[in-house]
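Asks: One structure follows; several queries about it will come next.
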Amino acid sequence: MKSRFVVEGLAGHKKLRGTIAVKGAKNAALKALAATVLFEDTVPFENLPDIEDVKRMQELLAGLLAPSEVEGPVLKKDIAERLRASIVLTGPTLARYGTVTFPFPGGCVLGERPIDLFLEGFRAMGATVKEQDDLFVISGSSTSLGAGKLRGAKIFFPSVSVTATETLMLAAVLADGQTMLQNAAMEPEIGALIEYLNLCGADIAGAGTPTITINGTGGTLLRAQGRAYITPPDRIETGSFVILAALAGDEVTITDCEPRHVDALLVLMRRAGVTVEVGNNFITIKQGPTLLKSVSVRTHEYPGFPTDLQAPMAVFLTQCQGEATILETIFDGRFRYADDLVRMGATITVMNPHKILIKGPTPLTRKELESPDLRGGLAYLIAATVAEGTSTIDNAYLIDRGYEHIEERLQKLGLNIQREEV
Ligand code: EPZ
């Protein structure tokens with residue numbers, strides 16, 4: 001059954017009050033789940049978010065070695081086509097079993113999302129790549145360690161990719177020899193994974209820098225020995241709550257978060273005039289000036305402004321005084337929300353696939369909406385909260401993919417939001 005959210009807007013009034021705790025990071029948990037393939041024993045998880053994408057990843061893992069017509073481990077097509085993170089599973093699976101079969105990964109439609117960096121990296125590690133009936137079949141070559149193994153390699157990424165960095169890093173953990181990943185992604189979720197893998201027998205250096213060096217174990221599996229992987233707080237959820245609180249909060253404290261992971265956002269919030277107080281693991285947003293000032297944004301790999309906060313930020317800018325541009329440098333199809341915000345009353349000009357101009361402030365009014373993608377869906381929740389009247393957001397599944405029981409958590413801040421089965 002499909003469900004949708006019904007949100008009674010606050011008509012621009014800042015009424016939300018209370019605390020909201022941030023859950024574990026989707027994009028950390030999914031990769032740590034993929035990494036469990038490298039382990040001899042069971043990996044205990046803490047702070048795992050209860051979200052749809054985690055369930056899909058668990059299903060992929062459970063089905064990995066199920067008997068099939070193809071020999072070797074296979075990523076189930078129907079599931080892998082639903083989430084991009086499925087591709088991360090190819091690295092550890094290839095490393096452990098010497099072969100992996102998978103479809104082109106799905107996930108949010110954000111423009112082109114190629115996989116050339118993954119395939120080139122696997123080839124550099126001695127693997128062969130075959131395409132058969134819409135499936136990729138990757139096989140390790142023979143090294144001194146035997147058939148199907150990978151060898152360490154020096155891999156330079158022509159562009160920075162989060163999942164390619166993670167996938168090839170995980171592939172390299174069991175490889176023969178040293179792998180060096182250059183121009184690697186520096187997202188904190190990767191650092192959390194490295195820290196845990198190193199506790200369990202991996203040898204990875206360079207977390208949080210553009211050069212990650214992995215000394216392969218030569219096939220020895222990792223061992224958790226009861227040590228839990230503790231999912232770090234979701235920085236995109238943190239940032240989205242900051243934006244929601246800035247637009248609709250009287251006083252809201254966001255707890256269980258890592259404020260330094262959202263510095264790129266907080267700096268802009270302060271510049272716009274939002275009153276932000278930061279503690280060790282919490283952020284408080286208080287009512288500041290009635291009129292916020294526009295600030296231009298340019299998305300960038302971490303530690304820059306995250307592309308995943310770009311849509312919520314656009315909603316924020318519709319309520320600020322002045323003109324601002326958003327320059328999206330990572331993806332070329334991430335303004336699909338613009339038309340809907342315009343229908344709600346925003347003044348947005350799409351200048352090209354990478355740039356929009358927003359003029360504010362403009363009051364927003366209720367609309368029937370449908371989530372364009374996971375992060376866009378949350379942006380619509382924020383827009384509906386700010387708007388006058390009751391809005392609906394169809395396709396709640398897209399929001400449930402990444403945000404745990406969002407309606408229950410927002411209700412506690414005083415928002416009238418309901419889930420309706422349709
Ligand atoms: C990750 O996607 C996240 N997903 C995305 O979050 C996030 O938006 C993105 O990183 C950027 O931060 C997961 O971690 C599961 P990329 P990913 O590869 O890894 C190009 C969410 O809602 N590229 O870093 O797919 C690509 O086209 C999602 O949680 C190649 O050219 O992003 C893009 O322009 C949405 N060839 C750029 O790199 C490749 O082989 C960066 O993408 C791979 C990527």
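Asks: Given (1) farther than 29 Å from Pro232 by Cα; (2) in a loop (DSSP other than H, G, I, E, B), where does Tyr302 come up short, assuming only one miss?
Replies: The one condition Tyr302 does not meet is (1).
Asks: Still on this structure, I have one more. Collect the residues in region 318-365 that are surrounded by 19 or more Cβ atoms within 10 Å (Cβ to Cβ), among the aliphatic types (A, V, I, L, M) and in contact with a Leu (Cβ under 7 Å, 6 or more places away or on another chain), keeping them in residue-number order.
Replies: Ala324, Met344, Ala346, Ile348, Ile358
So that you can scan it fast, the table gives a plain yes or no per residue for (1) in contact with a Gly (Cβ under 8 Å, 6 or more places away or on another chain); (2) among the polar types (S, T, N, Q):
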| site | (1), (2) |
| --- | --- |
| Thr213 | yes, yes |
| Phe241 | no, no |
| Leu266 | no, no |
| Val276 | no, no |
| Leu292 | yes, no |
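Asks: On to the next question. Kindly establish whether Tyr403 is at pLDDT 95 or above, under 25 Å from Glu251 (Cα atoms) and either out of contact with any strand residue (DSSP E or B) (no Cβ under 8 Å at 6 or more places or on another chain) or open to solvent by 20 Å² or more (accessible area, probe 1.4 Å) (or both). Lay out the reasoning, then the answer.
Replies: Values: at pLDDT 95 or above: yes; under 25 Å from Glu251 (Cα atoms): yes; either out of contact with any strand residue (DSSP E or B) (no Cβ under 8 Å at 6 or more places or on another chain) or open to solvent by 20 Å² or more (accessible area, probe 1.4 Å) (or both): yes.
So Tyr403 fits the description; yes.
Asks: Tell me, please, whether a residue that is at negative phi, within 16 Å of the ligand (Cβ to nearest atom) and open to solvent by 20 Å² or more (accessible area, probe 1.4 Å) can be found in region 367-380.
Replies: Looking through region 367-380, at least one residue is at negative phi, within 16 Å of the ligand (Cβ to nearest atom) and open to solvent by 20 Å² or more (accessible area, probe 1.4 Å).
Asks: Something else about it: For region 258-288, give me each residue that is open to solvent by 60 Å² or more (accessible area, probe 1.4 Å) and out of contact with any Pro (no Cβ under 6 Å at 6 or more places or on another chain).
Replies: Arg260, Asp263, Val267, Arg270, Arg271, Glu277, Asn280, Asn281, Phe282, Lys286, Gln287
Asks: Next question, about the same structure. Of these, Leu48, Leu65, Leu10, which one is more than 18 Å from Thr163 (Cβ to Cβ), assigned to a loop (DSSP other than H, G, I, E, B), touching a residue at least 40 places away in the same chain (Cβ under 8 Å) and not assigned by TED's automatic domain parsing to the domain that holds Leu415?
Replies: Numbers: Leu65 fails: touching a residue at least 40 places away in the same chain (Cβ under 8 Å); Leu10 fails: not assigned by TED's automatic domain parsing to the domain that holds Leu415.
Sole residue among the options that is more than 18 Å from Thr163 (Cβ to Cβ), assigned to a loop (DSSP other than H, G, I, E, B), touching a residue at least 40 places away in the same chain (Cβ under 8 Å) and not assigned by TED's automatic domain parsing to the domain that holds Leu415: Leu48.
Asks: Looking only at region 175-199, which residues are hydrophobic (A, V, I, L, M, F, W, C) and open to solvent by 10 Å² or more (accessible area, probe 1.4 Å)? Let's see the steps before the verdict.
Replies: Initially, region 175-199 is screened for residues hydrophobic (A, V, I, L, M, F, W, C), giving 175, 180-181, 184-186, 190, 192-194, 197, 199.
Selection gives Met180, Met186, Ala192, Leu199.
Asks: Say whether the condition of being assigned to a helix (DSSP H, G or I) and either closer than 18 Å to Gln321 by Cβ or of a type in the set (Val, Ile, Thr) (or both) is met by at least one residue in region 272-295. Don't jump to the end; show me each part of the working.
Replies: Step one: of region 272-295, the residues assigned to a helix (DSSP H, G or I) are 272.
Keeping just the survivors that are either closer than 18 Å to Gln321 by Cβ or of a type in the set (Val, Ile, Thr) (or both) gives 272.
Yes, there is a match, as at least one residue in region 272-295 is assigned to a helix (DSSP H, G or I) and either closer than 18 Å to Gln321 by Cβ or of a type in the set (Val, Ile, Thr) (or both).
Asks: Are there any pairs, at least 6 apart or on different chains, whose C-beta atoms fall under 9 Å, with the first in region 290-301 and of a type in the set (Lys, Arg) and away from the ligand (no atom under 16 Å from the Cβ) and the second open to solvent by 50 Å² or more (accessible area, probe 1.4 Å) and in a strand (DSSP E or B), and if so, which?
Replies: Listed pairs, sorted by first residue: Lys293/Gln321.
Asks: OK, next. Could you please find all residues in region 307-338 being more than 17 Å from Pro372 (Cβ to Cβ) and within 12 Å of the ligand (Cβ to nearest atom)?
Replies: Correct list: Thr329 only.
Asks: Select from region 23-47 the residues that are open to solvent by less than 60 Å² (accessible area, probe 1.4 Å) and away from the ligand (no atom under 15 Å from the Cβ) and list them in ascending order.
Replies: Scanning region 23-47 gives Thr36, Val37, Leu38, Phe39, Asp41, Val43, Pro44, Phe45.
Asks: Right, something else. So which residues in region 61-87 are open to solvent by less than 70 Å² (accessible area, probe 1.4 Å) and under 20 Å from Glu40 (Cβ atoms)? Full working, then the answer.
Replies: Residues of region 61-87 open to solvent by less than 70 Å² (accessible area, probe 1.4 Å): 61, 63-64, 66, 68, 70, 72-75, 79-80, 83-87.
Scanning region 61-87 gives Leu61, Leu64, Gly72, Pro73.
The values are calculated or read from the model by the stated rules, or taken from the named source; none is laboratory data. Treat the numbers as computed from the prediction; the structure is a model and nothing was measured. With ideal geometry, Cβ positions are generated from the backbone for all residues, glycine too; neighbour counts draw on all protein chains shown. Ligands, DNA and RNA are excluded from the accessible area calculation, which covers all protein heavy atoms including side chains. Shrake-Rupley method; radii C 1.70, N 1.55, O 1.52, S 1.80 Å.
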